[in-house]
Amino acid sequence: MADTEIPDDHPRSASLRTRHRIEAGVEKGITSKQGLIAQGRGEAFDYLLGERTLPSADEAERAAAARLLLADHPVVSVNGNVAALVPEETVELAEAVDADIEVNLFNRTDERMTAIADHLRAHGAEEVKGLSGDGEIPGLEHARGTVDADGIEAADVVVVPLEDGDRAEALGAMGKTEIVIDLNPASRSPRVAEIPIIDNVVRAVSNVTAHANDLADAPREELRYVADSFDADEALAAAETVIRDGSFADE
Ligand code: PTJ
């Protein structure tokens, strides 16, 4: 069944469309096979969260927008799942907050790096970093430690969707502000982030952009207030409570 053949009134249409995008990503050499497993894990958490943006996630998305607008050199990191699911939305976010886009992969191969960069360019990206790989995140054994010297290595704020905990911790140790998007509030990466967004990347990226557009003319003091008044522990606890209490079933 192609994306367009899924009827809108199908009760699981959004979830099925997302699955098809990941499947197409694997076929195009963009998404890794492990990306299919990661998607399944994400889906389970999304189901438990009620497949909606929680008010606490919306607050995190607004705080993320403010932090990105305040940044000197923000970078949005892209892996194979993000490229398959939200290529256009990623480009729109980067434009809204004047960020670089950098491909950074756990399962890094030259073929996948090039395929993802081409895919992002086909969706409007002018410059895609990550291919030169002339910088590093100290202390990481795997390929995610390879970054661009004038990209993630030089960034002050990094958006890291569907991250693994190792890199999240290593980026934190480099003094970078991290905005992590992950559906699992117990995962190590959102737990070490200054701004954890517990939401599906499919909803989160465009919502951060919407908040950034809304805050575009706000004075810096207001942006600082929005970013600083966000409470990461409270947001993580709010998501965990929804999952544990099953309160989504009532709504
Ligand atoms: O493209 P690569 O080579 O960089 O590989 C990317 C994956 C995602 C395969 C790799 O980083 C990986 O194996 O990740 P993990 O350890 O499976 O972690 C993925 C996390 O993302 C899990 O906590 C999932 O719950 C979460 N997740 C999965 N799908 C989504 C998601 N979070 C937000 N939105 C999603 N759509």
Practice item. Work out the FRET efficiency for ASP228 and ARG52 from their Cβ-Cβ distance, taking R0 = 30 Å, and round it to the nearest 0.05. Key: 0.70
Review point. Tell me, what is the FRET efficiency for GLU141 and ARG12 to the nearest 0.05, using R0 = 41 angstrom and their Cβ-Cβ distance as r?
Key: 0.60
Review point. Rounded to a whole number, what % of the accessible area of the stretch 56-168 do carbon and sulfur atoms account for, probe 1.4 Å?
Key: 41 percent
Study note, to complete from the structure: For the stretch 55-245 the mean separation of alpha carbon contacts under 8 Å (6+ apart) over residue count, i.e. relative contact order in percent, is 28 percent
Point to revise | Gain upon complete extension [ASP110, ALA122; 0.36 nm per residue less C-alpha separation] | key: 2.5 nm
Review point. Stretched out fully, how many nm does the piece from ASP245 to LEU36 gain, at 0.36 nm a residue minus the Cα gap?
Key: 72.5 nm
Practice item. Would you calculate, for the chain, the mean residue ellipticity at 222 nm contributed by helices, counting each DSSP H stretch of 4 or more residues as -39,500 (n - 2.57) and dividing by all residues, to the nearest 500? Key: -16000 deg cm²/dmol
Review point. Between HIS73, VAL158, LEU36, whose Cα lies farthest towards the positive end of the dipole of the chain when Lys and Arg beta carbons carry +1 and Asp and Glu beta carbons carry -1, centred on the Cα centre?
Key: LEU36
**Study point:** Length added when fully stretched, ASP156-GLU221, from 0.36 nm per residue minus Cα-Cα
**Key:** 21.5 nm
Exercise for review: Taking just the C-alpha trace of the stretch 1-121, give me its Rg and Dmax in Å.
Suggested key: 15.6, 44
Study note, to complete from the structure: the chain accessible area per residue, 1.4 Å probe, protein heavy atoms, integer Å², reads 46 Å²
Practice item. Can you tell me which of 198-208, 60-70, 102-112, 37-47 comes out highest on packing, and rank the rest after it, using the mean Cβ neighbours within 10 Å? Key: 60-70, 198-208, 102-112, 37-47
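In Å³ and rounded to a whole number, note down the convex hull volume per residue for the Cα atoms of the chain.
Spread over its residues, the Cα hull of the chain gives 122 Å³ apiece.
The values are calculated or read from the model by the stated rules, or taken from the named source; none is laboratory data. Predicted model only: the values in this text are computed from it and were never measured. Every residue, glycine as well, gets a Cβ built from its backbone with ideal geometry; the counts of neighbours run over all protein chains shown. Note: areas computed on protein heavy atoms with side chains; ligands, DNA, RNA excluded. Shrake-Rupley method; radii C 1.70, N 1.55, O 1.52, S 1.80 Å.
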